[in-house]
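No lab work stands behind these numbers, since they all come straight from the coordinates. If you're wondering where the values come from, they're calculated on a predicted model, not measured in any experiment. Using ideal geometry, Cβ is built from the backbone for each residue, glycine included, and neighbour counts are taken over all protein chains shown.
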Amino acid sequence: MAEETTGPVVVIGAGTMGRGIAQAFVQRGYDVYLNDAIAKALEEGTAFVHKMLDRAVEKGALKADQGQAAKGRLHAIGNIAEAPRCPLIIEAAIEKPEIKVEILKAAQNRLTDGGILATNTSSISITQLAAATQNPDRFIGMHFFNPVPLMKLVEVVKGLQTSEETVRRTIAYAESVGKTGVQCNDHPGFVSNRILMPMINEAVFCLQDGVAEPGAIDEIMKLGMNHPMGPLALADLIGLDVCLFILEVLHRDLGEDRYRPCPLLRKMVAAGRLGRKTKQGFYKYD
């Protein structure tokens, strides 16, 4: 690690994204303080990271001693106040602005002088969140993709007041864990979801309109467009509730009908069929 990317890291939120981010950092030599106020989520998140590190050893991606050392660098904390002062804090909590603001206000007190406060939000305005912090010039979007250990991209989102130095250092952090940081500016959906979500939404409309079954829709997109995963399977992986939330943000903030969520998507979320995390979405999962 370069000198400017040394020191411990705090990851707030032990859900799918938080635990993946924590794994990516501990594998690359960082001490990570994984924080979640819900004890069960913290326990499950920690156990998941340990399991993934064991699997990396089994596959030969890590040596046994490296896997064990990585486990030792993961520290589970139920209160952010238990964390040491860190040069980087990444918030990966639920996609609700009011909850994120509350978390970020508490987290900023654990930063070192000049430290970076980042959010893994996939759609909420970076500028809006930054306004609730003491140092908006050192606040940035650090949008990882699921599954974090495998996906190379980190969408680095610059808010209105984010400094160029913060952007540069954030990209350096991404590179230090084997990712590629690509900069974009704060805008509803950023780049990734502004393009991806309308495609997923249109795939749901195709299903709703009876154009084809889920497997056929995905196979056509995989074989015809050379996508590694079909849009409906991808929606299940992301979480249908997350997809719906992002589309609602896009529809509200951009005011264009092409972002109007498909009624079938709303119906599935209302039914609790959220994809892989509930074992049923457009597909069923064991």
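Calculated [222 nm] ellipticity per residue, helices only, for the chain: -14000 deg cm²/dmol; basis is -39500 (n - 2.57) per DSSP H run with n ≥ 4, divided by all residues, nearest 500. Electrostatic tally near Met221: other residues with Cβ closer than 15 Å to its Cβ, Lys and Arg +1, Asp and Glu -1, net -4. In the chain, taking the dipole from charged Cβ atoms about the Cα centre, the farthest positive-side position among Val148, Ala64, Ala174 is held by Ala64.
Of the trypsin sites (Lys or Arg not before Pro) found in the range 1-93, the ones in coil according to DSSP and having at most 13 other Cβ atoms within 10 Å of their Cβ are Lys59, Lys63.
Summing charges over all other residues whose Cβ lies under 12 Å from the Cβ of Phe245, with Lys and Arg as +1 and Asp and Glu as -1, gives 0.
What's the exposure ranking of Phe205, Phe25, going from fewest to most Cβ atoms within 10 Å?
If I rank by nearby Cβ atoms, fewest first, I get Phe205, Phe25.
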